[in-house]
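The values are calculated or read from the model by the stated rules, or taken from the named source; none is laboratory data. A quick note: this is a predicted structure, and the numbers were derived from the prediction, not measured. As a convention, Cβ positions derive from the backbone with ideal geometry for all residues, glycine included, and neighbour counts pool all protein chains shown. With ligands, DNA and RNA removed, areas are computed over all heavy atoms of the protein, side chains included. Shrake-Rupley method; radii C 1.70, N 1.55, O 1.52, S 1.80 Å.
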Amino acid sequence: MANENLRFLVVMAHPHDFTHVAGTCGIHAKMGDSITWVSMTSGRMTHNEKLADELQKPIAQQDKSIVEQTPESYAAEKAAELKDVAAQFGVSEVEILEFTDKPFVVERQPQSIEVIRELILKTRPHIILTQSPYISGPHGLVPSTNNDHTETAVAVMEAKLLAQLPRYGQKIAPYTVPATFFPGVYFDHTQWDFAVDVSEFFENRVTAEAMYKSQGHDEQYARRRVGLKLGSDGVTAGVPYAEGFVQEKFQTVPHIQLSDYTLKKGTESRKDQINNIAGQPKT
Ligand SMILES: [Zn+2]
């Protein structure tokens, strides 16, 4: 079955987290798919590097415009940034929820599950992209700090389950989300199920990374960070730049299918395989 236009619901903990799937979103937005980004929190407690640095200074030397900025105005700055970032990838539906970060803990803010359930019922996505629900830390230990990312994933998993269950008095049909994928950044390459060639959105990813001024990013940092991460993932995927994904569940298919990228491995020259990663024309 050829896919009709797909609806994506992307749920992340903080505004910056959307970058991990942004190139893929850009490709799908270009294909006419609808993409909605929902940040569980404004991220106001996360990555306030400027405030952290100012507070290191003696009070008399602190920049008042930073230390006296209200949390609300900082959150508004981050909201505007996220909208600008989304626009880089053709995403216009952006929502920032009012839950608090650091920590965002589902048990303490259980209404978050209901809010996501309603979003699922309203947008009826074919695909959810959200953070990894798998808790992992060094040596397989549970991280010692609360992890907003894992908690977001837990809220989404519970909301998905509730969305498919009927309730008395419900005015909208229950809905089962067909597919959920987690960004490859939370896994190592050997755990990925697929990688998307996002080379055409590389410059947008760099521009987006530099747009997070509220967390101190600049062009030089952005180019190095995105170049190294997407480049490393690209080398693994055999293309200049890639975003990896892990799927929640296997898909049932009518027959075994291979992408063109996989298929050509059988016939292309070793030199062309190298050129693919280098972004060079074929020999
Ligand atoms: Zn985050």
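Condition check ((1) touching a Leu at 6+ places or on another chain (Cβ under 8 Å); (2) farther than 23 Å from Val105 by Cβ; (3) away from the ligand (no atom under 16 Å from the Cβ)) across all residues:
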{"position": "His20", "(1), (2), (3)": "no, no, no"}
{"position": "Asp33", "(1), (2), (3)": "yes, yes, yes"}
{"position": "Ser42", "(1), (2), (3)": "no, no, no"}
{"position": "Leu51", "(1), (2), (3)": "no, no, yes"}
{"position": "Leu55", "(1), (2), (3)": "no, yes, yes"}
{"position": "Asp63", "(1), (2), (3)": "no, yes, yes"}
{"position": "Thr70", "(1), (2), (3)": "no, yes, yes"}
{"position": "Leu82", "(1), (2), (3)": "no, no, no"}
{"position": "Phe89", "(1), (2), (3)": "no, yes, yes"}
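Every condition in (1) open to solvent by less than 50 Å² (accessible area, probe 1.4 Å); (2) under 30 Å from Glu49 (Cβ atoms); (3) touching a residue at least 12 places away in the same chain (Cβ under 8 Å) is met by Val235 except one, and the failing one is (1). Candidates Tyr241, Tyr261: the one that is outside the structural domain of His14 (by TED's automatic domain parsing), in contact with a strand residue (DSSP E or B) (Cβ under 9 Å, 6 or more places away or on another chain) and under 26 Å from His126 (Cα atoms) is Tyr261.
In this structure, His28 does not qualify as open to solvent by 10 Å² or more (accessible area, probe 1.4 Å), part of a helix (DSSP H, G or I), within 16 Å of the ligand (Cβ to nearest atom) and assigned by TED's automatic domain parsing to the domain that holds Tyr212. Among the residues of the stretch 154-206, those identified as surrounded by 17 or more Cβ atoms within 10 Å (Cβ to Cβ) and basic (Lys, Arg) are Lys160, Arg205.
State whether the residues of the stretch 269-280 include one that is closer than 28 Å to Arg44 by Cβ, assigned to a helix (DSSP H, G or I) and not charged (D, E, K, R). No; the residues of the stretch 269-280 include none that is closer than 28 Å to Arg44 by Cβ, assigned to a helix (DSSP H, G or I) and not charged (D, E, K, R).
Take the stretch 216-232 and flag every residue that is open to solvent by less than 60 Å² (accessible area, probe 1.4 Å) and without any contact (Cβ under 8 Å) to a residue 12 or more places away in the chain.
His217, Gly231, Ser232
Of the candidates Lys83, Lys57, Lys50, the single residue that is free of Cβ contacts under 8 Å to residues at least 12 places away in the same chain, open to solvent by 50 Å² or more (accessible area, probe 1.4 Å) and either of a type outside the set (Lys, Arg) or assigned to a helix (DSSP H, G or I) (or both) is Lys83.
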